[in-house]
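One structure is given here, and the rest of the page talks about it.
The values are calculated or read from the model by the stated rules, or taken from the named source; none is laboratory data. Quick caveat, the model's predicted, so the values are computed rather than measured. So basically every Cβ, Gly included, is an ideal-geometry build from the backbone, and we count neighbours across all protein chains shown. With ligands, DNA and RNA removed, areas are computed over all heavy atoms of the protein, side chains included. Shrake-Rupley method; radii C 1.70, N 1.55, O 1.52, S 1.80 Å.
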Amino acid sequence: MAELWTGYLLPTVIIVAQIIAIVAPLLLAVAYLTYAERKVLAGMQLRKGPNVVGPFGLGQPIADGLKLLFKETVIPSGANKVVFIAAPVVTFLLGLIGWAVIPFDDGMVLADINVGILYLFAVSSLGVYGVIMAGWASNSKYAFLGALRSAAQMVSYEISIGFVIVTVLLCVGSLNLTEIVRAQEDLWFAVPLLPMFVVFFVSGLAETNRAPFDLPEAEAELVAGFNVEYSSMPFALFFLGEYANMILMSAMTTILFLGGWLPPIDVAPFNWIPGPIWFGAKIAMVLFVFLWVRATFPRYRYDQLMRLGWKVFLPLSLFWVFLTAGVLVATGWVPK
């Protein structure tokens with residue numbers, strides 16, 4: 001019995017505890033990111049935002065969640081019921097499983113695998129399947145058009161994201177996310193790779209279907225796009241999945257370009273602050289820009305969206321890969 005506990009049960013309990021320690025704060029962050037978005041947009045539009053439920057409106061996300069939890073789940077009569085219900089679950093789970101390889105501090109990571117960046121790229125690429133499943137299973141032309149838009153949009157911008165990641169990997173010489181952060185101890189990659197930083201962030205907006213690239217759920221022409229037939233908890237799972245993907249994309253931006261858990265300057269008092277706090281603060285800063293962009297820019301037309309991805313970002317990111325490789329070879333610089 002003792003061998004069973006130490007050999008199998010104890011490691012399992014530890015892993016489950018670690019997963020809960022990651023997922024529980026993440027779900028809380030997702031809930032209050034919706035509150036933060038409404039408050040930021042309200043401030044930029046000179047109004048108050050949520051201010052009724054609880055002090056300063058802090059109970060609003062909980063009230064919205066409970067409302068959706070107790071509403072009736074309506075499934076269209078012509079829908080494929082299994083796929084219809086599975087689609088939001090897939091979207092929500094993909095927003096969570098990417099965090100398995102995210103390092104919060106040096107050594108503070110659930111799975112410190114040597115191909116962490118490939119894992120993240122694979123998880124982000126799978127995100128389109130939940131949207132396609134929802135659009136097809138809803139048996140609605142509006143939902144299906146939104147799903148087709150999303151598929152084309154995500155595939156288009158993932159190519160640019162891939163080339164940006166290759167540029168970073170050339171400078172690091174490793175696919176391990178912890179090593180990518182350690183390589184930025186002297187200088188964050190956002191400085192020498194500034195154009196790629198901008199391309200990655202804007203592509204992240206398109207990847208997560210955020211304004212001004214929220215064409216898959218355009219209210220004007222597609223009513224709500226792929227989730228037009230959803231209500232109650234399935235809709236809430238789509239909603240939570242979108243915001244979880246926003247946080248995950250912000251974490252990737254922080255790791256690849258903003259030094260992860262590293263302080264901006266390795267001197268007191270900056271280096272007294274624990275790494276996870278720096279990591280969370282940088283994610284919050286990137287998320288604020290997500291919200292700022294939504295409040296500032298009008299929605300792109302679909303031809304503008306595609307032209308930006310294929311005629312601007314793709315050539316620029318490909319050119320930067322060749323430029324980075326050429327500079328590294330010419331200078332004889334070898335990653336640590």
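Taking a point 7 Å from the Cα of ALA284 along the Cα-to-Cβ direction, the residues of region 235-276 with backbone N closer than 15 Å to it are 251, 273-276.
Surface calculation, 1.4 Å probe, protein heavy atoms: THR331 sits at approximately 100 Å² accessible. Screening the chain for whole DSSP H helices of 20 Å or more along their axis (Cα) with average Kyte-Doolittle hydropathy at least 1.0 returns 10-44, 81-97, 116-137, 141-172, 232-257, 275-296, 314-331. Farthest toward the dipole's positive end in the chain, which of ILE14, THR296, LEU26, given Cβ charges of +1 (Lys, Arg) and -1 (Asp, Glu) about the Cα centre? My answer, from the dipole projection, is THR296.
Calculated on C-alpha atoms, the gyration radius of region 168-308 divided by its Kirkwood radius gives an Rg/Rh of 1.04. Could you tell me the calculated FRET efficiency between VAL115 and VAL155, based on Cβ-Cβ distance and R0 = 25 angstrom, to the nearest 0.05? For R0 = 25 Å, the calculated efficiency reads 0.70. Residues of region 258-288 falling in the label zone of LEU187, defined by backbone nitrogen less than 15 Å from a point 7 Å along Cα to beta-carbon, are 258-259.
Can you compute the helix-only [θ] at 222 nm over the chain? Use -39500 (n - 2.57) per DSSP H run of at least 4 residues, normalise by all residues, nearest 500 deg cm²/dmol.
Computed mean residue ellipticity for the chain: -21500 deg cm²/dmol.
Assuming charge only on the beta carbon of Lys and Arg (+1) and of Asp and Glu (-1), the dipole of region 192-322 about its Cα centre is about 340 debye to the nearest 20.
Does anything in region 30-47 have its amide N under 19 Å from the 7 Å Cα→Cβ label point of ALA63, and if so which residues? Correct set: 31-43, 47.
With R₀ set to 25 Å, the beta-carbon distance separating TYR32 from PHE270 gives a calculated FRET efficiency near 0.45. When only the Cβ of Lys, Arg, Asp and Glu is charged (+1, +1, -1, -1), the dipole of the chain relative to its Cα centre reaches about 880 debye. Spatially, region 42-70 and region 233-296 are offset by 22 Å when compared through their Cα centroids.
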